[in-house]
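Read the structure below first, then the notes.
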There are 2 protein chains.
Amino acid sequence: MQPPVPSIWVDGEPATALPLPDRGLDFGDGLFETLLLQLGHAHFLDYHLQRLSSGLQRLAFPDCLARCESALRTAAQGLAELPWAALRITVSRGAGPRGYAPPPDATPRIVVTAAPLQQDHRDPPAPLDVAVAQIRWSAQPALAGLKHLNRLEQVIAARQATAAGADDALMLDAAGNVCSLAAANLFIVESGCLYTPPLADCGILGTRRRLVIERLAPACGLSVLEQSLSLQRVQDAEEVFCSNSLRGLQPVGSCDTRRWQDHPVARRLHQAYVDVLARDFDGGTA
Amino acid sequence: MQPPVPSIWVDGEPATALPLPDRGLDFGDGLFETLLLQLGHAHFLDYHLQRLSSGLQRLAFPDCLARCESALRTAAQGLAELPWAALRITVSRGAGPRGYAPPPDATPRIVVTAAPLQQDHRDPPAPLDVAVAQIRWSAQPALAGLKHLNRLEQVIAARQATAAGADDALMLDAAGNVCSLAAANLFIVESGCLYTPPLADCGILGTRRRLVIERLAPACGLSVLEQSLSLQRVQDAEEVFCSNSLRGLQPVGSCDTRRWQDHPVARRLHQAYVDVLARDFDGGTA
């Protein structure tokens, strides 16, 4: 039986609307995660919950991690018939009086939405065309790395990419170095070594970025270094690929006028990703 | 007859919830305005609509300014019994598929909320205690000046101010100069002249800031200059005051350890503000 598409739960109950007022809408006062779901199994749930926990602490939310995990598990269990699905959890600080100051007695509100995905995530993804966005990702160490709800810069960058006929935007940081794509982390390959920007001042610390660094690159015998990357260095790289929870490891086929034909390293990493997905699935359903 | 508090309208209809999905919640993809309402008259509606229009254009929203004005006027008319009220309009890009890129066929969603205010805005407001926030207001020329929904930096700053026992946070920009308070624009007085930061890279171009520059300062025979202001210069100023739609012109009584006893210039400007409020009210109800 297919669920209605998309399915939405608010605070654990099926819903179609968000009670107002809500500080998530009012100020973007909240966080989100987007998980890959396979037959009801939420992949790398631990990575998502760890980043969410870090965000809840940095935004000084009341502890609601157990509620978040429960909401995700309940929603996932109801989607066991779907081969692949995207599961988004949005955690807002909930209701509050007018004004920016968070109410001391805030009760976070948890919204979960699910939508089926057509693509089999074990298939190698097609290369992506990216365009360099005019807008830069501003420097804000207090929020860098978090997947919070203030995403207007990425919205504008994505619109600029769409206008350029590209699939995603390559975003520079305030200093003019490469940060990431609007919707995915970025890696380059030079002489068999991987490099990715450090993201101390901007960007999102992706779960698949962490997976590449901690598990996939080691499994392929590759080293990974976090380094500031100029746009020229990205353009000159042997290979460029990106990562996020719904794309997995996806080659970048072009960046403005630069084109890459082959992606042997990204393909090896994708195969390692497929292996890890299978082990994560077996572990999750054992 | 008092309306329920707060009162909420979504797309012109009384409501208690926001239909999901909504890009305002998902990404902060939207704008807002907070208006001062007096017996059903929305003060300086033209200033608010002009800033909103500028934001809608910069975010490339479909044109919905006439719908916004209509929603505000309808809500205001229903609140004619309230001596003073706050009216907030939130314009989100509405529903959309997953992903940052705005859908080409977006239909903006308009949320209006109203709440009565106890204070008579003709009374001179009590001085405000402010504390310098640790978090800085990041530089983003593409969004500077707009009252958009990405307000986490102000939420964090306001929390820091609350923790310091202050009423609001004084925020520095990325370069370490003074930007504004978290919730109000800032002016200093030196030798009978007003100075306020230019806000090209961060901050919100407040309607009352504009009113001070265009009407109140001239009415008081004062000149206003937009200048970068160091924190030291603010601390050394003869007077400091702030402005926003619900506070009007409010003196700053202290900033960390610095205290100001008298606010003759802010008081003169407040009286000019009261006069302009009266004329705006008469004009609006004529």
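Every number here is computed from the coordinates shown, using simple stated rules; none is lab data. Note that this is a predicted model, so its numbers are computed, not measured. Neighbour counts run over all protein chains shown; Cβ positions are idealised from the backbone, glycine included.
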Residue with peak Gaussian network fluctuation, chain B [Cα springs, cutoff 10 Å], from B:F27, B:F44, B:F187: B:F27
Shielding by partners, peptide B:87-99 (average Cβ within 10 angstrom, other chains): 2
Position A:T74, label points 7 Å along Cα→Cβ, spacing to each other copy in nm (shortest first, one decimal): 3.4
Per-pair calculated FRET efficiency, R0 = 56 Å: B:E238 and A:C220 via Cβ, rounded to 0.05: 0.25
Kirkwood Rh and Cα Rg combined as Rg/Rh, the protein assembly as shown: 1.00
At 1.567 mPa s and 4 °C, Stokes D of region A:128-283 from Kirkwood alpha-carbon radius, µm² per second: 83
Of A:V10, A:G96, A:I110, farthest towards positive along the dipole that unit charges on Lys, Arg, Asp, Glu beta carbons give region A:7-116: A:G96
Taking region A:1-119 and dividing mean pair separation by its residue count, relative contact order in percent (alpha carbons under 8 Å, at least six apart): 38
Estimated distance in nm for a label pair at B:V276 and A:S254, the labels positioned 7 Å out from Cα along Cα-to-Cβ: 5.3
Inter-copy label distances at B:T107 (7 Å, Cα→Cβ; nm, one decimal): 3.2
Scattering curve values for region A:136-197, log₁₀ I(q)/I(0), Debye with Cα scatterers, q = 0.15, 0.19, 0.28 Å⁻¹: -0.50, -0.76, -1.27
Per-q log10 I(q)/I(0), region B:49-152, q = 0.16 Å⁻¹ (Debye; single scatterer per alpha-carbon; no solvent): -0.96
Cα gyration tensor shape for chain B, rounded if a/c is under 1.5, else prolate or oblate: oblate
Around B:L59: net Lys/Arg minus Asp/Glu count, Cβ-Cβ under 10 Å: +2
Across the identical copies, how the B:E226 labels are spaced - nm, sorted shortest first, 7 Å along Cα→Cβ: 3.8
Charge sum, other residues only, whose C-beta stays under 15 Å from B:D236's C-beta, Lys/Arg counted +1 and Asp/Glu -1: -1
Counting DSSP beta bridges with both ends in the protein assembly as shown, the antiparallel % (nearest 5): 80
Spatial separation of Cα centroids for region B:171-187 and region A:60-98, in angstrom: 35
Chain B: angle of helix B:45-58 to the longest principal axis, Cα-based, in degrees nearest 10: 70
Cα long-axis angle, helix B:152-163 against chain B (0 to 90 degrees, to the nearest 10): 50
For chain B, calculated [θ]222 nm from helices alone, where every DSSP H run of n ≥ 4 adds -39500 (n - 2.57): -8000 deg cm²/dmol
Cα-centred dipole magnitude for chain A, charges only on beta-carbon of K, R (+1) and D, E (-1), debye, nearest 20: 260
Within-14-Å neighbourhood charge of B:V112 [Cβ basis; K, R +1; D, E -1]: 0
